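*Asks:* Have a look at this one.
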Amino acid sequence: MTNESKIIGIGKCIPSKVVTNNDLAKLINTSDEWIKQRSGIEERHWVSNNESGSDLALIAANEAILNAKIDKNQIDMIIFATISPDHYFPGNACFLQAKLGISGCPALDVRQQCTGFIYALSLADLYIKQGIYKNILLVGAEVQSKGLDKSDKGRDVTVLFGDGAAALVLTRNECRDPKVDSLIFSTHLHADGAFAKELWVSGLGMGNGDALVTRAEVDEGIHFPRMNGKVVFTHAVRRMCEVLNEALTHNKIAITDVDFFLFHQANLRINEKVAELLGIPAHKVFNTIQKYGNTTAATIPIGMYDAIKEGKLRPGMLVASAAFGSGFTWASALFRY
Ligand code: UT7
């Protein structure tokens, strides 16, 4: 019998405002046809002016805690994956902690972009397996809409992103039989900073000039994300295949043994290509990008939530997850739900 991590609760919060491709076409020079054909996205949700990432996270976290049937005071740690925090500092985990009305437990932000959720999951899993914490609240939440360049210059990036949040509660579980019991088998994390500038925000930091940001820089739009889409696309396909194979090899599992694939949602074409290259049948890959766009650190737990609600992800299923994003960073996780 070993100490393992097990998912015991899940919650989600998607803002109510729907932004269709046609809505975007009224703002910038784009079209429903272009967006659907290049990315698979049909619509996304954007917050209203007064909503923040920690607000979305609070709703998702409360649902996850209720679903886990624990008291919020039993949470031993909060890990919050986001690249769109409410404030420059402190991190969103602290704001969420205050909104939940708990105090004392550690509250940590992970900012690993689209790979943030799997990086955060790996930390949670290690803290639990080491016996340091029992119950960990793990959140992926983003408000991307407020930080996008809504001029034609930013159209390649702006059409891809959406807002949303999901939360999990993980707990320590005595695993008797890994063929049956829920557990995180392994996580595999990578990065290559040589590609940091292929998808990044060049300004709004201490790395430039002598001020956080100047009026002229804001006019230039250096606080908006910029991307070399083709480079990101190619690397995403390659690295997601590699890191999925790494998880399978590490656990001596054949790809045909995996019941369900939860990939990061950056582009439907990326996920279809990964599935094609690895010989994964389409019905095993769960995609949500069509309705939410890319919610960065929130895509994987949002997908998990929807798949559970739709009855597609069921207890006992073997799940492989993979993500790729800015950094470049990439990661995978293999777990039994
Ligand atoms: O989460 C991880 C991070 N993100 C990703 O993984 C995204 C990876 N990359 C992609 O998904 C794709 O590269 C995009 C969807 C961003 C772009 O698709 P693409 O097939 O690589 O298009 P492209 O960048 O080569 O652009 C083709 C054309 C260009 O026009 P010209 O130069 O051929 O005249 C662009 O200016 O499409 C134009 N374009 C647009 N047209 C309409 C770029 N953005 C848009 C737009 N609407 N929103």
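The values are calculated or read from the model by the stated rules, or taken from the named source; none is laboratory data. Note that the structure is a prediction, hence the values are computed from the model and not measured. Heads up, the Cβs are rebuilt from the backbone with ideal geometry, glycines too, and the neighbour counts pull from every protein chain shown. All accessible areas refer to the heavy atoms of the entire protein, side chains included, with ligands and DNA or RNA removed. Shrake-Rupley method; radii C 1.70, N 1.55, O 1.52, S 1.80 Å.
*Asks:* Condition first: assigned to a helix (DSSP H, G or I) and of a type outside the set (A, V, I, L, M, F, W, C). Can you find one or more residues in region 202-216 that meet it?
*Replies:* Yes; the residues of region 202-216 include at least one that is assigned to a helix (DSSP H, G or I) and of a type outside the set (A, V, I, L, M, F, W, C).
*Asks:* Quick one: N50 ticks every box in (1) at pLDDT below 95; (2) within 16 Å of the ligand (Cβ to nearest atom) except a single one, so which number is it?
*Replies:* Checking N50 against (1) at pLDDT below 95; (2) within 16 Å of the ligand (Cβ to nearest atom), the one that fails is (2).
*Asks:* Among the residues of region 4-12, is any assigned by TED's automatic domain parsing to the domain that holds P106 and open to solvent by 80 Å² or more (accessible area, probe 1.4 Å)?
*Replies:* Looking through region 4-12, none of the residues is assigned by TED's automatic domain parsing to the domain that holds P106 and open to solvent by 80 Å² or more (accessible area, probe 1.4 Å).
*Asks:* With the condition kept exactly as written, say whether any residue in region 259-267 is within 20 Å of I35 (Cβ to Cβ), open to solvent by less than 10 Å² (accessible area, probe 1.4 Å), part of a helix (DSSP H, G or I) and within 11 Å of the ligand (Cβ to nearest atom). Let's see the steps before the verdict.
*Replies:* Going through region 259-267, the residues within 20 Å of I35 (Cβ to Cβ) turn out to be 263-267.
Now restrict to residues that are open to solvent by less than 10 Å² (accessible area, probe 1.4 Å): 263-265.
Next, from what is left, pick out any that are part of a helix (DSSP H, G or I): none.
Within region 259-267, not a single residue is within 20 Å of I35 (Cβ to Cβ), open to solvent by less than 10 Å² (accessible area, probe 1.4 Å), part of a helix (DSSP H, G or I) and within 11 Å of the ligand (Cβ to nearest atom).
*Asks:* Working only within region 78-103, note down all residues that are more than 11 Å from V139 (Cα to Cα) and aliphatic (A, V, I, L, M).
*Replies:* I83, A98, L100, I102, listed by residue number.
*Asks:* Report the residue count in region 193-210 for those that are open to solvent by 40 Å² or more (accessible area, probe 1.4 Å) and away from the ligand (no atom under 14 Å from the Cβ).
*Replies:* 9
*Asks:* Scan region 268-290 for residues that are touching a residue at least 60 places away in the same chain (Cβ under 8 Å) and open to solvent by less than 10 Å² (accessible area, probe 1.4 Å) and report the count.
*Replies:* Matching residues across region 268-290 total 1.
*Asks:* Return yes or no: is N67 open to solvent by 20 Å² or more (accessible area, probe 1.4 Å) and at pLDDT 95 or above?
*Replies:* yes
*Asks:* Let me ask something else about it. Filter region 142-161 for residues that are of a type outside the set (S, T, Y) and buried (at least 22 other Cβ atoms within 10 Å of the Cβ) and give the result.
*Replies:* Residues satisfying the conditions are E142, V143, Q144, V159, L160, F161.
*Asks:* A further question on this structure: Quick one: E220 ticks every box in (1) closer than 26 Å to H87 by Cα; (2) within 14 Å of the ligand (Cβ to nearest atom); (3) of a type in the set (D, E); (4) open to solvent by 10 Å² or more (accessible area, probe 1.4 Å) except a single one, so which number is it?
*Replies:* Failed condition: (2).
Okay, residues lined up against (1) within 12 Å of the ligand (Cβ to nearest atom); (2) under 20 Å from V143 (Cα atoms); (3) aromatic (F, W, Y); (4) assigned to a loop (DSSP other than H, G, I, E, B):
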residue: P301; (1), (2), (3), (4): no, yes, no, no
residue: D306; (1), (2), (3), (4): no, yes, no, no
residue: K312; (1), (2), (3), (4): no, no, no, yes
residue: G316; (1), (2), (3), (4): no, no, no, yes
residue: V319; (1), (2), (3), (4): no, no, no, no
residue: A323; (1), (2), (3), (4): yes, yes, no, no
residue: G327; (1), (2), (3), (4): yes, yes, no, yes
residue: A331; (1), (2), (3), (4): no, no, no, no
residue: F335; (1), (2), (3), (4): no, no, yes, no
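*Asks:* From I118, I128, grab the single residue that is touching a Lys or Arg at 6+ places or on another chain (Cβ under 9 Å), under 27 Å from N245 (Cβ atoms) and modelled with pLDDT of 95 or more.
*Replies:* It is I128.
*Asks:* Run N73 past the list (1) within 13 Å of the ligand (Cβ to nearest atom); (2) polar (S, T, N, Q); (3) more than 20 Å from Y292 (Cβ to Cβ) and report the number of the one that doesn't hold.
*Replies:* (1)
*Asks:* Say we look at region 162-174 and pick out the residues that are open to solvent by less than 10 Å² (accessible area, probe 1.4 Å) and assigned to a strand (DSSP E or B); which of these is farthest from P315 (Cα to Cα)?
*Replies:* G164
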